[in-house]
Amino acid sequence: MKSLQEIAAQLQGYDPQALSAEAVGEFLAHLAQPVRESEEVEIFHALGRVLTDDLVSPLSVPPHDNSAMDGFAFDSSQLQAGQPLRLRVVGTALAGKAWQGQVGSGECVKIMTGAIMPARTDTVVPQEFTSAPAEGEVLIPADLLRAGDNRRLRGEDLMEGRPALLAGERISPAGCGLIASLGTSRVRVRRRLKVAYFSTGDEILSLGEAPREGAVYDSNRYTVHALLTRLGCEVVDMGVVRDEPAALEAAFTQAAQRADAIITSGGVSVGEADYTKAMMKKLGDVAFWRIAMRPGRPMAVGRIGEAVLFGLPGNPVAVMVTFLAFVRPALLRMMGARPSESLYLRAGSAEAMRKKPGRTEYQRGIVSRSADGSLSVRTTGNQGSGVLSSMVQANGLIVLHHAQGNVAPGDEVDVMMFEGVV
């Protein structure tokens, strides 16, 4: 396990007081290491879990060549350019049972979708494209088909002995169906990641407490809990911890014993009470960053015991942005998921946006489809770090990258969409 100093030494131009968003991601990729333990689960409990090993297909899907259409199966060698083809129907092939007859020259078999292709047939003409010149016959129009049309090949989906899903893949709804199509009911996955979370600050009220002057109700706790739940983590909710050394020490110590990762909000900005930062330093190997981004400049990262620590800023929007930009990818790595590039949607900006090069900005945006069918995005208006309602209105974050400058109306920008993430 490398120390923070050893990780920092591997990064070019590492400056904790002016760290780019890209450098943060690179640093956390070294810090966050996958959990090793695994368990076997049934398919109904596999959604969102991460495979420990390649899932090798024990059979081919489909197991036989079969028809992709209701129609007539025949030997395509009889097709001639510019000439219709007249065939005699000699039987019917139904799904679930192989037809046992023989198909000769000038003959075809009526076939249902999914039925096994009879021997000596390789092409299917859809029923609606044929006519019946006489009883028991079909006529195929000229130049309608090519050899192999409307036939599904054996192993076209999955081939026996080859990986169907790869290690590190998060199992999707489609993945659950694919696993079942192999006749497999259980898979081996990484155990759930345990993440402990608490808010800090004497000005924070828990739900149920009476309002008091200068205090605000804790929204971060519920936002982070929801983000972690959506990610598939086992959440250890530790509530609100006051700015008192003894209380903070107990909370950090307990969190490190119970979880793989610790997330806090508040207490990491310049000018805030130093109890939280002092306790992080006392108990662990922790770095305090000023990230070249907006919102969410301050962030603490490191380890307390074996647990990875993420100290997020206190403003509600900054908490969500730093989680989505940095913490979520790190937690996915700890879950054992294969690293993946951030996928952005491209949309034309509906308005001008002021932006100075030298920092990454995340603006709350609303993506919609314009009258001409193209995608456009506009901001939600007030971009203040405490305006949580703007995150509710938004369906994504407009990402203005480190070197990017002002945006003019019509310029294309990247958008990190919330759907599938939050």
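Structural remarks
- Where N is the number of residues in the chain, Cα Rg divided by 2.2 N^0.38 Å: 1.36
- Whole-number D in µm²/s for the stretch 225-330 (Stokes-Einstein; Kirkwood sum over Cα pairs; 25 °C, 0.890 mPa s): 177 µm²/s
- Relative contact order computed over the stretch 205-346 (Cα-Cα under 8 Å; 6+ residues apart), in percent: 19 percent
- Partner lysines whose Cα lies under 23 Å from the Cα of residue 110, excluding those fewer than 8 positions away in the same chain, are identified as 97.
- Candidate residues 97, 355: accessible-area rank, largest first, probe 1.4 Å: 97, 355
- For the stretch 133-254, a Kirkwood radius taken over Cα pairs fed into Stokes-Einstein (10 °C, viscosity 1.306 mPa s) yields D = 76 µm²/s.
- Computed with a 1.4 Å probe over protein heavy atoms only, the accessible area of residue 244 comes to about 100 Å².
- Excluding same-chain neighbours fewer than eight residues apart, the lysines reachable from residue 194 by a Cα-Cα span under 30 Å are 2, 277, 281, 282.
- When restricted to Cα atoms, the stretch 362-413 yields an Rg and a Dmax of 11.8, 35 Å, respectively.
- Size descriptors for the stretch 287-379 (Cα atoms only): Rg and Dmax, in that order, 16.4, 56 Å.
- Relative frequency of Cα-Cα separations exceeding 20 Å in the stretch 39-149, percent: 47 percent
- Selected from 210, 174, 300 as most flexible by GNM, with the chain as the system and alpha-carbon contacts under 10 Å: 210
- When the chain is treated as a GNM with alpha-carbon contacts under 10 Å, the residue of 200, 130, 229 showing the greatest mean-square fluctuation is 130.
- Restricting the calculation to Cα atoms, every distinct pair contributes to the Kirkwood radius of the stretch 85-178, found to be 15.8 Å.
- Cα-based helix-to-principal-axis angle, 21-31 vs the chain, degrees rounded to 10: 90 degrees
- Rounded to 10°, Cα long-axis angle of helix 245-258 versus longest principal axis of the chain: 20 degrees
- Residues in the stretch 323-362 average 52 Å² of solvent-accessible surface per residue, probe 1.4 Å, ligands and nucleic acids excluded.
- Over all orientations, the stretch 199-286 has a Cα convex hull whose mean projected area works out to 6.3 square nanometres.
- Cα long-axis angle, helix 220-231 against the chain (0 to 90 degrees, to the nearest 10): 30 degrees
- For the stretch 137-208, convex hull volume per residue from C-alpha positions, Å³: 323 Å³
- Principal axis dimensions, largest first and in whole angstrom, of the stretch 328-408 by Cα: 41, 31, 28
The values are calculated or read from the model by the stated rules, or taken from the named source; none is laboratory data. Since we're looking at a predicted model, the values are computed, not measured. Remember, those area values only see protein heavy atoms, side chains included, never the ligands or the DNA or RNA. Shrake-Rupley method; radii C 1.70, N 1.55, O 1.52, S 1.80 Å.
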